[in-house]
Amino acid sequence: MGLRQKIWLTIAVLTLITVSLTIGLTFYLYENFYVDKQKDLLLLQGNSLKSAYMEQDGDGFRERLEWTEENSEAEIIYTEDPMKLSGSLYGEAVNDTLITYEERQQLLNGETVTMVRQHPVFDQDILAVAIPLLEEDVLSGTIFLYMPLEDVYAPFDSIRYILAGLFILVLLLVIWSGRKIASQLIQPLKKMEMVSGRMAAGDFSKRIDVSSSDEVGSLAGSFNRLAKSLEEVERSRREFLQNVSHELRTPLSYMRGYTEVLLEDVTVSGEERQEYLQIIHNETARLTRLVNDLLDLAQLEGDSYPMKREPIPFAQLVMDVAERFKLPIGQKQIRLRLELDEEAIIEGDADRLEQVISNLLDNAVRYTPSQGGILMKVEQNKEKAVLEIQDTGRGIPEQDLENIMDRFYRVHKSRTRNEGGFGLGLAIVKQIVLKHGGEIDISSKPDEGTAISLTFQSMAFDEE
Ligand SMILES: Nc1ncnc2c1ncn2[C@@H]1O[C@H](COP(=O)(O)OP(=O)(O)OP(=O)(O)O)[C@@H](O)[C@H]1O
Ligand SMILES: [Mg+2]
């Protein structure tokens, strides 16, 4: 049984029970109330006959009896011998008793008796009242008033039809609204099932319209968010694959081309041979760097990468990296200035932080024209240690700043191979800095220069 049927059935059953109980209870109360009222009426008539019996002579009482009988719906019997009531009202033919021995005893004691029971002759239910008439504490007669219960219940017949009609109406209403509610609840779930089926097949583009603010609505909302982030993941996976294969293909085709020439063309001079080998060697180095960067990124983006935690003199680390860049800086006649606060100590993985500084300095050197300037500054700011690298290079356009740290993102996608990096340097920087709990801030103006600052928690070195 589906959820829809379950909900619907629950609503239907509950309503059915409620309506039946209500109608049943109404009937019961009404009947009781009505029967009680009729009983009171019989008692009233009986008692007024009783006082007539007490106050008037035999004829007067008889007249009153007849008059009452004519004007009442009840049958009235007067008998001087109450014992007759216990036998049969209608002669010897019937042996069943109308009133019981106990009730007869009550009458003899002067107590009024009321009863609802089957009439022994007419085979129908009656409501009856027996009132004893006493003369000086001795029972001298009994007034017996009764009416068939059919008459009592007669007014119900019309109500019964109205109630039955009402019952059917409510039932139809429940069936209709139950179906509506159930399908309203189920519809988003069905849609989710459909969309998740598509997602399993690799299509993440479908969404669910969220119309309600209840639990189902919020489930649909998170489902949409899930679909969106899966779509995003899928998109970046494709893009990544495209980028990687593109970056792999170019060096490989160079290497293949030049090796083929070397292998097949016997007319290649010794000088050309040397040049081609150099190209092949460069491309191999480039490929190696790509693979290493990709491996680094894969490790850093996973959670398993082990990061050392050791105290590092920040200034020393910066100096070491700067030392290694002496050659390219000299070649481009770049002025490099260092302003290093030797007190700054941070905690982290020295090799990884060296990689960070090296990637940043590499960018600064690469994207700054000859005779430009680079400033590397380490400052200790209360509990923060800040490294800032400024250059007077070409800068980064504002619209690229947002994505500059994404993998394979480069401002000039089609630049020459001499200058071309892979666009992985800053992505690696970002991962390492985040893993150290640090912050990165980039500000840049095209044609003026770029400033990148890294902020780390400094170790409590001079706090004692
Ligand atoms: N100091 C800078 N000045 C100007 N542009 C920069 C600077 N640093 C980064 N960029 C821009 O940001 C892009 C991304 O830098 P990133 O270091 O991630 O990649 P890359 O240098 O192109 O390649 P890789 O570092 O992988 O060799 C660069 O291509 C460049 O356009
Ligand atoms: Mg770079």
Checklist line | Residues being polar (S, T, N, Q) and loosely packed, with under 12 Cβ neighbours inside 10 Å - total across region 52-70 | finding: 0
Next item on the list: Output the number of residues of region 325-351 satisfying the condition of being within 16 Å of ligand 2 (Cβ to nearest atom) and farther than 20 Å from Arg394 by Cβ.
Entry: 0
Check: If you scan region 178-206, which residues turn out to be assigned to a helix (DSSP H, G or I) and of a type in the set (D, E, K, R)?
Finding: Arg179, Lys180, Lys190, Lys191, Glu193, Arg198
Check: What number of residues within region 391-407 are within 9 Å of ligand 1 (Cβ to nearest atom) and either part of a strand (DSSP E or B) or crowded, with 18+ Cβ neighbours inside 10 Å (or both)?
Finding: 8
Margin query: Given the criteria part of a loop (DSSP other than H, G, I, E, B), at pLDDT below 85 and either hydroxyl-bearing (Ser, Thr, Tyr) or closer than 12 Å to Trp8 by Cα (or both), does Ser212 qualify?
Written below: yes
Check: Within region 306-325, can you find the residues that are farther than 18 Å from Val386 by Cα and either in a strand (DSSP E or B) or at pLDDT 95 or above (or both)?
Finding: Glu323, Arg324, Phe325
Check: Of the residues that make up region 443-450, is at least one within 7 Å of ligand 1 (Cβ to nearest atom) and either more than 40 Å from the chain's Cα centre (by Cα) or farther than 24 Å from Ser370 by Cβ (or both)?
Finding: yes
Check: Restricting attention to region 378-436, and to residues there that are among the acidic types (Asp, Glu) and closer than 26 Å to Glu283 by Cβ, which single residue is nearest to ligand 2 (Cβ to nearest atom)?
Finding: Glu419
Notebook entry, point to check: If we keep just the residues of region 359-377 that are within 17 Å of Ile432 (Cβ to Cβ) and surrounded by 18 or more Cβ atoms within 10 Å (Cβ to Cβ), which is nearest to ligand 1 (Cβ to nearest atom)?
Noted result: Asn363
Margin query: Would you confirm, using the coordinates I've provided, whether Ile143 is modelled with pLDDT of 85 or more and touching a Gly at 6+ places or on another chain (Cβ under 6 Å)?
Written below: yes
Next item on the list: With respect to Leu401, determine if the residue is more than 29 Å from Arg238 (Cα to Cα) and without any contact (Cβ under 8 Å) to a residue 60 or more places away in the chain.
Entry: no
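The values are calculated or read from the model by the stated rules, or taken from the named source; none is laboratory data. Here the structure is a predicted model, which is why all the values come from computation and not from measurement. Here Cβ is always computed from backbone atoms with ideal geometry, including for glycine, and neighbour counts include all displayed protein chains.
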